[in-house]
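Colleague: First the structure, which I've put down as structure tokens, then a few questions once you've had a look.
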Amino acid sequence: MIIIYTVEKIVEKVLYSNSTNFVEIKYLNRVKKELKNVKYNIYEPFVGATKVILYNKMPNIKIYEIVSSNDLRHQDILGTLYSLNISDEMFGDVVIWNNRYFIIILSCIDNYIKSNLTSIRNSKVELIEKDPYYLKDYKQEYEECIIIVPSIRVDVIVSKIINSSRSNALEKIKNGDIYLNYELLTKPTYMLKENDIFSIRKYGKYKFLGEINRTKKGSLVIKYLKYV
């Protein structure tokens, strides 16, 4: 179950409750502006987490390692959580670290998770509870990728990454499917800069590293990171 977040909902939780549930970091800058005179804390399971919790009183968090005899993918774990009708705001990042798999959840769904998350992709799994700060030293893993493009315009880069047309990339921007530096991307002509971070819904998160060469015909050879 995917929850549609609103800045107003998040601000209301901070002001009138002890904490929010998990909040996607792309909303954080706008929330901070709304709460600039309000004191609160932020729980970040690890540096670079895409989901955080804003709190006055820290809620109970559970981290579980998912033990499986088979290799799992991020989308396998995420798909299983959705199939169990667990909403986005009830769990944090799905983490794959040194070929081990972890989920971060609010303790209010602990019993439900333990009773129902028993298999992924038709393979039995076991849940092993970890310390709430077990992932604090985790650093996101990534793949280095190189592509050849005519321009570093964001719509050009996106179309190349998703192997689709520019018009499809423009449609994704129009539909709000792309975030740049954790803000909704609205300008398809934006020229990517070194270390810009962007995400494409259903495709993943990327970091632009810049131009590394040019072809004889003048096309740009660029490098980027794809987070895994």
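Colleague: Return the residue satisfying two criteria in turn: it lies in the stretch 197-215 and is modelled with pLDDT under 95 and assigned to a loop (DSSP other than H, G, I, E, B), and of such residues it is nearest to residue 159 (Cα to Cα).
Modeller: 203
Colleague: I'd like to verify a number: residues in the stretch 38-87 that are touching a Ser or Thr at 6+ places or on another chain (Cβ under 6 Å) and under 16 Å from residue 118 (Cα atoms), how many?
Modeller: So the answer is 2.
Colleague: Where residues in the stretch 159-178 are among the small types (Gly, Ala, Ser) and in contact with a helix residue (DSSP H, G or I) (Cβ under 9 Å, 6 or more places away or on another chain), which of them is nearest to residue 26 (Cα to Cα)?
Modeller: Restricting to residues being among the small types (Gly, Ala, Ser) and in contact with a helix residue (DSSP H, G or I) (Cβ under 9 Å, 6 or more places away or on another chain), the top hit is 169.
Colleague: Take the residues in the stretch 202-228 that are among the hydrophobic types (A, V, I, L, M, F, W, C) and over 9 Å from residue 148 (Cα atoms); name whichever of them is surrounded by the most Cβ atoms within 10 Å (Cβ to Cβ).
Modeller: 208
Colleague: Residues in the stretch 33-45: is at least one of a type in the set (A, V, I, L, M, F, W, C), under 22 Å from the mean Cα position of the chain (by Cα) and not in a strand (DSSP E or B)?
Modeller: no
Colleague: Sticking with this one: Looking at the stretch 64-109, which of its residues are in contact (Cβ under 8 Å) with a residue 24 or more places away in the chain, assigned to a loop (DSSP other than H, G, I, E, B) and farther than 17 Å from residue 23 by Cα?
Modeller: Matches in the stretch 64-109: 69, 70, 71, 72, 84, 85, 99.
Colleague: Anything in the stretch 142-162 that is modelled with pLDDT of 95 or more and not aliphatic (A, V, I, L, M)? List them, or say none.
Modeller: 144, 145, 150, 151, 153, 155, 159, 160 - these are the residues of the stretch 142-162 that are modelled with pLDDT of 95 or more and not aliphatic (A, V, I, L, M).
Colleague: Of the residues 31, 14, 38, which single one is in contact with a Phe, Trp or Tyr (Cβ under 9 Å, 6 or more places away or on another chain) and farther than 17 Å from residue 110 by Cα?
Modeller: Being in contact with a Phe, Trp or Tyr (Cβ under 9 Å, 6 or more places away or on another chain) and farther than 17 Å from residue 110 by Cα holds for just one of 31, 14, 38, which is 14.
Colleague: For residue 172, work out the one condition from (1) assigned by TED's automatic domain parsing to the domain that holds residue 53; (2) in a helix (DSSP H, G or I); (3) surrounded by 12 or more Cβ atoms within 10 Å (Cβ to Cβ) it doesn't fulfil.
Modeller: Of the numbered conditions (1) assigned by TED's automatic domain parsing to the domain that holds residue 53; (2) in a helix (DSSP H, G or I); (3) surrounded by 12 or more Cβ atoms within 10 Å (Cβ to Cβ), the odd one out for residue 172 is (1).
Colleague: Then there's this: Just to be sure I understand, how many residues within the stretch 117-129 are exposed (fewer than 15 other Cβ atoms within 10 Å of the Cβ) and either among the charged types (D, E, K, R) or not in a loop (DSSP other than H, G, I, E, B) (or both)?
Modeller: Summing the residues that are exposed (fewer than 15 other Cβ atoms within 10 Å of the Cβ) and either among the charged types (D, E, K, R) or not in a loop (DSSP other than H, G, I, E, B) (or both) in the stretch 117-129 gives 7.
Colleague: Of all residues in the stretch 1-29, which are more than 27 Å from residue 134 (Cβ to Cβ), within 17 Å of the chain's Cα centre (by Cα) and surrounded by 12 or more Cβ atoms within 10 Å (Cβ to Cβ)?
Modeller: 29
The values are calculated or read from the model by the stated rules, or taken from the named source; none is laboratory data. Computed from a predicted structure; not experimentally measured. Quick reminder, even Gly has a Cβ in these numbers, built from the backbone with ideal geometry, and neighbours come from all protein chains shown.
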